[in-house]
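*Asks:* Sharing a structure here in structure tokens format.
Rule-based calculations on the coordinates, nothing more; no lab input. Here the structure is a predicted model, which means the values were calculated and not measured. All Cβ positions, even for glycine, are placed from backbone atoms using ideal geometry, and neighbour counts span all protein chains on display.
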Amino acid sequence: MADDGVLLYAVAGCLFRVPDGVQPPKAGSRFFQRHLRVSPGERVLEIGAGFGLTAVLAARAGARVVATDVLPAAVAAVRQNALLNGVAVDPRLGDGYAPVAGERFDLICSNPPQMPTPPGRDRDDPLAAADNGGVDGWEILDRVIAGARAHLEPRGRLAFTIFGFLGRKAALAKVEAAGLSPEVVASETEAFPRIGYERLDHIRALDAEGALPPRDPPRSVERLLIQGTARD
Ligand SMILES: C[S@@+](CC[C@H](N)C(=O)[O-])C[C@H]1O[C@@H](n2cnc3c(N)ncnc32)[C@H](O)[C@@H]1O
């Protein structure tokens, strides 16, 4: 039998197995995991959990975590990685809020696919599921934001990442329009993603807030963690 190796990721005292077909940790995953604040006893929903990095660490911090993904391999990986690290996570398969209909949470969080994808360039493989955020990058984010209020407890929080070129002001306005009090809780500068160079003209055309240099190839991108808090 061929030995194809095993991809392992160790962080914060936990060890994760990253199976084929599930995206390995990227800069955005590490940013999201480092800055997300979770309290013991909180009921947490992560939409698009991948191999379970944030979900497992939230469970280890004492949260009760439901972790969803559209990829069966990701749901299986979350289950395995929770077991490997001795924590309980409830992994569920499905799109957006479909796996948690009628349920409410103290924290809904997501580092969703958000790379703007030129028309006709979308695919249906696992890497596309992890990266592609529709033509303007907001396709999944918009659904996560729009559905949050109905799935949050009073004073509950929604937290999600965005690339700066999607628009800081646009993100805050979308959160406000969804009935949540918006704020930027963290930001960092990351290397410009390789896939972004392939789509640079398309991304520049969407960059209404001027986050990217107008002519030179960008070397970096700002990443933001946006939070919205339910007002009642
Ligand atoms: C950028 S990856 C992030 C994975 C992980 N949360 C992390 O930070 O490393 C996005 C994840 O969302 C999943 N996904 C894509 N579309 C989804 C949807 N409509 N509903 C739920 N999950 C989705 C992908 O399969 C992928 O695992």
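*Asks:* In nanometres, what is the gap between the two model label sites at Arg43 and Glu188, each 7 Å from Cα along Cα-to-Cβ?
*Replies:* 3.1 nm
*Asks:* From the phi angles alone, apply the Karplus equation (6.51, -1.76, 1.60; θ = phi - 60°) to region 51-60 and give each ³J(HN,Hα) in whole Hz, x where the residue is Gly or Pro.
*Replies:* 7, x, 3, 6, 4, 5, 5, 5, 5, 5
*Asks:* Looking only at Cα atoms, what is the convex hull volume of the chain per residue, in Å³?
*Replies:* Values: hull volume 29.3 nm³, N = 232.
That works out to 126 Å³ per residue.
*Asks:* Defining a contact as two alpha carbons under 8 Å apart and six or more residues distant in sequence, what relative contact order in percent does region 111-232 show?
*Replies:* Result for region 111-232 is 33 percent.
*Asks:* Hey, another quick one. Quick one: length gained pulling Asp124 to Asp142 fully straight, 0.36 nm per residue minus the C-alpha distance?
*Replies:* Working: separation 18, 0.36 × 18 = 6.48 nm, distance 1.98 nm.
Between Asp124 and Asp142, full extension yields 4.5 nm more.
*Asks:* Please compute the length gained on full extension between Ala12 and Arg231, using 0.36 nm multiplied by the number of residues separating them and subtracting their Cα-Cα distance.
*Replies:* Contour length minus the Cα-Cα distance gives 75.5 nm.
*Asks:* At what distance in nm do the modelled label points of Ala98 and Arg204 sit from each other, each positioned 7 Å from its Cα along Cα→Cβ?
*Replies:* So the label points at Ala98 and Arg204 sit 3.8 nm apart.
*Asks:* In percent, how large is the relative contact order of the chain, given Cα pairs closer than 8 Å and 6 or more residues apart?
*Replies:* On the way: 481 pairs, mean separation 40.0, N = 232.
Averaging sequence separation for qualifying contacts and normalising by length gives 17 percent for the chain.
*Asks:* In region 27-230, if the dipole is taken from +1 on Lys/Arg beta carbons and -1 on Asp/Glu beta carbons about the Cα centre, which of Val144, Thr54, Tyr197 is farthest to the positive end?
*Replies:* Thr54
*Asks:* Can you list which of the trypsin sites (Lys or Arg not before Pro) found in region 69-151 are DSSP loop residues with at most 12 other C-beta atoms within 10 Å?
*Replies:* Taking region 69-151 and a limit of 12 other Cβ atoms within 10 Å, the loop trypsin sites (Lys or Arg not before Pro) found are Arg123.
*Asks:* Taking amide H atoms as placed 1.01 Å from N in the peptide plane, list the residues 5 or more away in sequence, or in a different chain, whose amide H sits under 5 Å from that of Glu153.
*Replies:* Under 5 Å from the amide H of Glu153 lie the amide H atoms of Phe105, Asp106, each far enough along the sequence or on another chain.
*Asks:* Where does the charge balance sit around Leu7 when Lys and Arg score +1, Asp and Glu -1, over other residues with C-beta under 10 Å from its C-beta?
*Replies:* That works out to -1.
*Asks:* Would you mind calculating the gained length between Ala27 and Arg155 on full extension (0.36 nm times residue separation, minus the Cα-Cα distance), in nm to one decimal?
*Replies:* Stretched fully, the Ala27-Arg155 segment lengthens by 43.1 nm.
*Asks:* In a GNM of the chain with a 10 Å cut-off on Cα contacts, which of Ala67, Ala88, Ala58 has the highest mean-square fluctuation?
*Replies:* Maximum fluctuation in the GNM of the chain, among the listed residues, is at Ala88.
*Asks:* In addition: Assign unit charges at the C-beta atoms only (+1 for Lys and Arg, -1 for Asp and Glu), then state the dipole size of region 27-230 relative to its Cα centre in Debye, rounded to the nearest 20.
*Replies:* The dipole magnitude comes to about 460 debye.
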